[in-house]
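Take a look at the structure below.
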Amino acid sequence: MSSILQLPTSVENQEVKLEEVRQLFGAAGDISSQELFGTGVTYRHDWGDRKGQWTLNLNWGFVNNNSRVFVAIGEGAPGGGKFIGAARYTLHNVAPRNGVVSIWVNIEWGDPIRLYVDYLAINF
């Protein structure tokens, strides 16, 4: 058995749901010096039932090559939340570029199970 992690063989592209994007702070004039400087938004995407290794490309016009994008992945709970189950979810890479955030995930489970991904994107 090889200990070298294999690159994902499955790739999918999806569009961001703009009505579900949430701005973190008010307009630039409303941000105090004690808060995060820049414009930031957060978004949760339901990637559906998955297993194995995937490169998932989220098409999102807010993101550019200089965006700071932070990602958290987890098993989707009924009703929309996330929970810690027995499956192992691993996030390997996050790569923002103009109009797209690409992530490499691995889900170790026997059957496809729900994947929710939380994105925090900040533009300076």
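Residue by residue, here is whether (1) β-branched (Val, Ile, Thr); (2) within 11 Å of Trp47 (Cβ to Cβ); (3) over 13 Å from the mean Cα position of the chain (by Cα); (4) modelled with pLDDT under 95 holds:
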| position | (1), (2), (3), (4) |
| --- | --- |
| Asn59 | no, no, no, no |
| Asn98 | no, no, yes, no |
| Val101 | yes, no, no, no |
| Ile107 | yes, yes, yes, no |
| Gly110 | no, no, yes, no |
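Which of the residues spanning the range 46-63 are within 21 Å of Val21 (Cα to Cα) and surrounded by fewer than 14 Cβ atoms within 10 Å (Cβ to Cβ)?
Scanning the range 46-63 gives Gly48, Asn59, Gly61.
List the pairs whose first member sits in the range 90-108 and is touching a residue at least 12 places away in the same chain (Cβ under 8 Å), whose second member is charged (D, E, K, R) and exposed (fewer than 15 other Cβ atoms within 10 Å of the Cβ), and whose Cβ atoms are under 7 Å apart, counting only residues at least 6 apart or on separate chains?
The qualifying pairs are Glu108/Arg88.
Need the failing condition index for Ala86 against (1) within 20 Å of Val105 (Cβ to Cβ); (2) small (Gly, Ala, Ser); (3) at pLDDT below 90; (4) out of contact with any Lys or Arg (no Cβ under 9 Å at 6 or more places or on another chain), just the number.
Result: Ala86 fails condition (3) only.
Write out, first by first residue and then by second, each pair whose Cβ atoms fall under 6 Å of each other, whose residues are 6+ apart or on separate chains, and whose first residue, in the range 55-68, is closer than 12 Å to Glu15 by Cα while the second is at pLDDT 95 or above and part of a loop (DSSP other than H, G, I, E, B).
Cβ pairs passing all conditions: Gly61/Gly99.
Picking from Arg22, Arg50, which residue would you name as being modelled with pLDDT of 90 or more and at negative phi?
Arg50
Would you mention how many residues in the range 75-103 are of a type in the set (Gly, Ala, Ser) and surrounded by 19 or more Cβ atoms within 10 Å (Cβ to Cβ)?
1
The values are calculated or read from the model by the stated rules, or taken from the named source; none is laboratory data. Note that the structure is predicted; figures quoted are calculated from it, not measured. Here Cβ is always computed from backbone atoms with ideal geometry, including for glycine, and neighbour counts include all displayed protein chains.
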